[in-house]
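The values are calculated or read from the model by the stated rules, or taken from the named source; none is laboratory data. Nothing here was measured: the structure is a model prediction, and the numbers come from that model. Neighbour counts are summed over all protein chains in view; Cβ atoms, including those assigned to glycine, are modelled from backbone coordinates with ideal geometry.
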């Protein structure tokens, strides 16, 4: 079911020519990245597309797990949008663990605008997978 990455992840691969090229840092229990959206990432004029907001949150949570040696897939995710995310400004995305029961991991993430306001939050359940080949 699961195979090692071929290095073309849309969110984090530096090799994917149309990807987001996210880089992550890990401090204590927090996984963090920054991202500045361009006009090619917008939905409404000047506003980051909601699907990409969700992608940023999902990838931060997945990277929290991956950094700790856990290969898992998103099983369920809820995103709450509270403010528009403007293109052209750096935003910060943070993720952390809420809990773990067996193969099920629960994580949370938030997208923070310059100035500290939270524009979106997500909670998700990830299911560990076994590697094939």
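Taken as a whole, the structure places residue 96 among residues that are under 19 Å from residue 120 (Cα atoms), surrounded by 16 or more Cβ atoms within 10 Å (Cβ to Cβ), touching a strand residue (DSSP E or B) at 6+ places or on another chain (Cβ under 7 Å) and in contact (Cβ under 8 Å) with a residue 60 or more places away in the chain. In the set (1) at pLDDT below 95; (2) farther than 22 Å from residue 106 by Cα, the condition left unmet by residue 48 is number (1). Each residue in region 10-60 was checked for being surrounded by 15 or more Cβ atoms within 10 Å (Cβ to Cβ) and either more than 26 Å from residue 75 (Cα to Cα) or touching a helix residue (DSSP H, G or I) at 6+ places or on another chain (Cβ under 8 Å) (or both), and 17 of them qualify.
Residue 6 - would you say it is part of a loop (DSSP other than H, G, I, E, B) and at pLDDT 90 or above?
Working: part of a loop (DSSP other than H, G, I, E, B): yes; at pLDDT 90 or above: no.
No, not satisfied.
Does region 12-54 hold any residues that are assigned to a helix (DSSP H, G or I), farther than 20 Å from residue 114 by Cβ and in contact (Cβ under 8 Å) with a residue 24 or more places away in the chain, and which are they? If you could, list the steps in order and put the result at the bottom.
As a first pass, look at region 12-54 and keep what is assigned to a helix (DSSP H, G or I): 39-41, 50-54.
Checking the rest, the ones that are also farther than 20 Å from residue 114 by Cβ come to 40, 51, 54.
Within region 12-54, just 54 meets the criteria.
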